[in-house]
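Colleague: Below is the structure I would like to discuss, written out as structure tokens.
The values are calculated or read from the model by the stated rules, or taken from the named source; none is laboratory data. Predicted model only: the values in this text are computed from it and were never measured. Using ideal geometry, Cβ is built from the backbone for each residue, glycine included, and neighbour counts are taken over all protein chains shown.
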Amino acid sequence: MNSLQPALVQLSGLTKRYRTGGGEVVALHGLDLSIELNSKVALMGPSGSGKSTVLQLIGGLDKPSGGSILVAGREVTKLNDDALSSYRNTTIGFIFQTFNLQSHLTAQENVALPQILGGHKPAEAIARALTLLEQVGLAEKAGRLPSELSGGEMQRVAIARALICKPGIILADEPTANLDKDNATHVLDMMSALELNNQALIVVTHDDRVASRFERIIYLDHGELAMGPATQQAAS
Ligand code: ADP
Ligand code: MG
């Protein structure tokens, strides 16, 4: 890794508090973290440790209570609503546990949609969508509706959709949680084979087998960086 290259994502003192009926939940306690260009990172930790919150804050889906989020040198927390919306569309590719495909659109249309909404010519977006579906091994199913695809296939469509705008940061929150073992393996094979091009991939997962395929594993516990199970064992 080139230490002279600035990190793609730099979180400093990142804090997130949620207000709930029962009071306040502190989801992140001043998190400091940097993620380099062209790195694939697994984010692990127990349920409720703040993993989804980290992704939502990096992805501009929610605002922190304090601290800083620098992405390619830009302070995301200072973006106004328009700039934030453009940041979400152009810099971030989100992959959800529940796929979130449009049920009335074909696989190809689902993949093309972010580019069409971003103002690209529909014909070009549709053509590019097919290239991406080829990359995830689904070209022959381009014309199918989500209801005509397996869970694993739907997730591969969602991955192609996340990639179409060439996002700088690809965020995946437990992308295999709703898949059976074979489909999960297939989706993860694809993610580990993904060639990054001045991008970063951050995947939240509970699966050690998955995480071990990534070059870096970050553990969270109670909204703070933690030592992983292996490190804890080695230290004890
Ligand atoms: P993880 O993804 O690691 O399971 P989350 O980031 O979803 O953890 O949640 C971290 C903490 O913040 C948990 O205590 C959770 O209950 C709380 N939390 C998350 N989202 C909300 C919300 N919208 N409102 C209130 N509390 C929330
Ligand atoms: Mg979560």
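Colleague: Considering each of 31, 43, 37, 57 in turn, give the residue that is crowded, with 22+ Cβ neighbours inside 10 Å, among the aliphatic types (A, V, I, L, M) and under 15 Å from residue 216 (Cα atoms).
Modeller: Selected residue: 43, the only one of 31, 43, 37, 57 that is crowded, with 22+ Cβ neighbours inside 10 Å, among the aliphatic types (A, V, I, L, M) and under 15 Å from residue 216 (Cα atoms).
Colleague: Which condition from (1) under 16 Å from residue 190 (Cβ atoms); (2) buried (at least 20 other Cβ atoms within 10 Å of the Cβ) is the one that residue 139 breaks?
Modeller: Among (1) under 16 Å from residue 190 (Cβ atoms); (2) buried (at least 20 other Cβ atoms within 10 Å of the Cβ), the lone unmet condition for residue 139 is (2).
Colleague: The conditions are (1) surrounded by 17 or more Cβ atoms within 10 Å (Cβ to Cβ); (2) modelled with pLDDT of 95 or more; (3) of a type in the set (A, V, I, L, M); (4) away from ligand 2 (no atom under 16 Å from the Cβ), and residue 123 fails exactly one of them. Which is it?
Modeller: Just one mismatch for residue 123, condition (1).
Colleague: Among the residues of the stretch 34-61, how many are touching a helix residue (DSSP H, G or I) at 6+ places or on another chain (Cβ under 8 Å), over 19 Å from residue 192 (Cβ atoms) and part of a strand (DSSP E or B)?
Modeller: 0
Colleague: Still on this structure, please answer the following. Counting only residues that are more than 22 Å from residue 207 (Cα to Cα), away from ligand 2 (no atom under 14 Å from the Cβ) and out of contact with any Ser or Thr (no Cβ under 9 Å at 6 or more places or on another chain), how many does the stretch 39-73 have?
Modeller: 1
Colleague: Take the residues of the stretch 68-118 that are in a strand (DSSP E or B) and touching a residue at least 24 places away in the same chain (Cβ under 8 Å): which is surrounded by the fewest Cβ atoms within 10 Å (Cβ to Cβ)?
Modeller: My answer is 68.
Colleague: Here's a follow-up. Please verify whether residue 131 is hydroxyl-bearing (Ser, Thr, Tyr), at pLDDT 95 or above and touching a Gly at 6+ places or on another chain (Cβ under 7 Å), treating the condition exactly as stated.
Modeller: no
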